[in-house]
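See below for the structure under consideration.
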Amino acid sequence: MAQIIDGKKISTELKLELKDKVAKYKKEGIEITLAVIQVGNDKASSVYVGNKKKACEFIGIRSLAYELDENTTQEELLSLIKELNQREDVNGILVQLPLPKHIDEDMVIETIDAKKDVDGFHPMSVGALSIGKKGFISCTPYGIIELLKRSNIEIDGKECVVVGRSNIVGKPMSMLLLRENATVTTAHSHTKDLKEVCKRADILVVAIGKPKFINSEYVKEGAVVIDVGIHRNEDNKLCGDVDYDDVYPHVSAITPVPGGVGPMTIAMLMKNCVNAVEIQK
C-alpha cells in the first residue's frame, strides 16, 4: 500500500506550531502583520486571498486587505507597495497574481522590499536561495520539502526529477532539492525521452500544468510522486498533473489532489511571515 502524503494534516500541524510562535512574539510586544493586495476580482484569486486571511486569523497574524479595482493603474499599485515598504508595522507584502494585463508583474515583484517578500518571488530572494543564503523561499516548493521531511522520506542522495521549470515552482524546487543533497534533473517541454527521464526518479515532482499527463509509464516502481497541478476534469472534479488512479499502485508514496501540496502553500506563506521577524532584525 502506498503512503498517501496528507497535506491537510501536515499543514495543520505546522500552523499549530506557528500559532505558538506568534503567541510568544505577542508576549514580547511583536505583532506580525501581512498586507495582501488584490487587483480586480478574479474568482480563483479571491478564493486564495480568503484562505490566506483565514490562515492569518487562525495563527494570530494581523492581515491588512487592499482590494483594488480592475482598472487600478500600475503607478497607483506601485505607490501603495512603496508606502507599505516604508511602514514599520508591516512585516510581509503579498500581491496576488495574476495581475490585469496592463500591469507589469515583474516590476511589481521587484518593487516589493526584499525583506518583506513573503512570496519568495523577488530576484534577491531567488538569488539568496541559489547561493544558499538566508531569505524567503517560494511557498509551494518550500511546502513540498516540508511534506517530504515530515513524511520521513529521505531526500539526501536520492535521484530527483522535477517536471516543469517555472520561476515559482520548478526552478526553486530543483534548487531546494539540491540543497538537501539530492541529484536533480529539471525536465520540461523540450526534454527528449521524458518518460525515460522520469523513470529514473526516486522522487518525481510534477508541475507541468497538464491534467493527468503523468501516468504509470513515467514512474519507476516504488518512487515517491509529488503532484503540484490542480485542474477541473470533464466531470468538474479536481485532479492533478498525475493520473492518480493509474500511478498509485506503482509508488511508495504520493500526494493526492486536492489535499496534498495545496494546503502546504498557505502554511509556508504563514511560516515566511513568521520568519520575516528574524529576517528584518
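No lab work stands behind these numbers, since they all come straight from the coordinates. Here the structure is a predicted model, which means the values were calculated and not measured. Neighbour counts are summed over all protein chains in view; Cβ atoms, including those assigned to glycine, are modelled from backbone coordinates with ideal geometry.
Data overview
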item	result
Shape of the stretch 166-223, Cα gyration tensor, a/c cut at 1.5	oblate
Placed amide H near residue 187: partners under 5 Å, 5+ positions off or other chain	162, 163, 164
Shape of the chain, Cα gyration tensor, a/c cut at 1.5	prolate
In Hz, Karplus ³J(HN,Hα) per residue of the stretch 38-54 (6.51, -1.76, 1.60; θ = phi - 60°; x = Gly, Pro)	10, 10, x, 10, 3, 4, 4, 4, 4, 5, 4, 4, x, 5, 5, 4, 4
The chain: relative contact order in percent, alpha carbon pairs under 8 Å with at least 6 residues between	22
Tensor-based shape of the stretch 29-123 (alpha-carbon gyration tensor, a/c under 1.5 rounded, otherwise prolate or oblate)	oblate
Calculated FRET value between residue 106 and residue 70, using beta carbons and R₀ = 22 Å, to 0.05	0.65
Nearest-ten-degree value, helix 262-280 long axis tilted from longest Cα axis of the chain	50
Nearest-20 debye value, the stretch 64-131 charge dipole, Cβ charges on Lys, Arg, Asp, Glu	260
Over the stretch 191-245 - Rg/Rh using Cα atoms and the Kirkwood inverse-distance radius	0.98
Inverse of mean 1/r across different Cα pairs in the stretch 139-262, Kirkwood, Å	14.1
